[in-house]
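Have a look at the structure below before the remarks.
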Amino acid sequence: MNGQEKSKRIIVALTGASGAPYARRLVDCLLEAGTQVHLVITPAGQRLLAEELGVSESSCRAIIGRDDDRLIIQPYRDVGATIASGSLLTDGMIICPCSSNRLASIAAGLGGNLLDRAAAVTLKERRLLVLVPREMPMSRIDLLNALRLTESGAVICPASPGFYMHPKTIDDLVDFVVGKLLDLFGIPHELHTRWSDQLASGSTAMVPDDPCGDGCP
C-alpha cells in the first residue's frame, strides 16, 4: 500500500445466512489491504461460524487464524459502541452474508442492536452500504425490502459467483464474490475475478460470435 494513501475503515457485519466463508475471506482480504475492520457478529452469525467454519469464539485469531490489531470486534448488543455514531468516519459497511431478517430490519429503519444502528448511520451519512443476501429463492417481501434499500442508497450484491472465470475450487467461487465487494470499495486485490483480465489473457473462447444462436444483434 502506498504510504501516501489514507487507510480505509470499513464495518463488516456477519449474520446467520449461510455464507461464512465469504465473510472470513472478505475480512482477511480487507486486512491484507491495510483496512481497519470493525466486525459485528449476530448471535445467529456466531452459530453460522461454528457450523460452517468450526469457529466457536468471536476472536481475531479464531476467525482469520492470526492476530491483527486492525480487526476490532464490536459487541452486537452495545448500541453505544463507536460505530453507532456518524462521528466515527468510515468508508462504509458490508453485511456479508445478509439474512432476509436483517434485510427487513434495516429496510424498516430499526436500530435496536449495533448492526442495525450502524447500517442506519451508514445510510444517513450517505456512506456506502452493501448487503450480500445469499438466501434463495427470494420472496416478494425480500425483493421489496431490497428495492427500498436500493432507493435509499444501498447496494444489493447477491452472493452469486460467476462461472466465466472457469472456477476450479470452492475458494475460486468465494473469491469471485469477495472480489466484487472489494471493487465496490476501491480496495486493491489480486483475486482472479475480472472479465477484463480474461480478455487480456486471450481466454475468450467461451463467448460465441452469436451468443443467442439466432442471429440476434
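List of remarks:
- Cα-centre dipole for segment 1-86 with unit charges at Cβ (Lys and Arg positive, Asp and Glu negative), debye to 20: 160 debye
- Simple Cβ-charge dipole of segment 9-200, Lys/Arg +1 and Asp/Glu -1, about Cα centre, in debye nearest 20: 500 debye
- Relative contact order %, the chain, counting alpha carbon pairs below 8 Å whose residues are six or more apart: 19 percent
- Spin-label zone in segment 88-103 - amide nitrogen under 16 Å from a point set 7 Å from the Cα of SER160 along the C-beta vector: 98
- Cross-link reach list, lysines versus LYS8, counting only Cα pairs under 27 Å and skipping chain neighbours closer than eight places: LYS124, LYS180
- Each part reduced to its alpha carbon centroid, segment 141-198 and segment 27-55 end up 17 Å apart.
- The listed peptides 13-21, 172-180, ordered by packing as a protection proxy, come out as 13-21, 172-180 (highest mean of other Cβ atoms within 10 Å first).
Laboratory data are not the source of any read-out in this text; all were calculated from the coordinates shown. Predicted model only: the values in this text are computed from it and were never measured. Cβ: placed from backbone, ideal geometry, glycine included. Neighbour counts: every protein chain shown.
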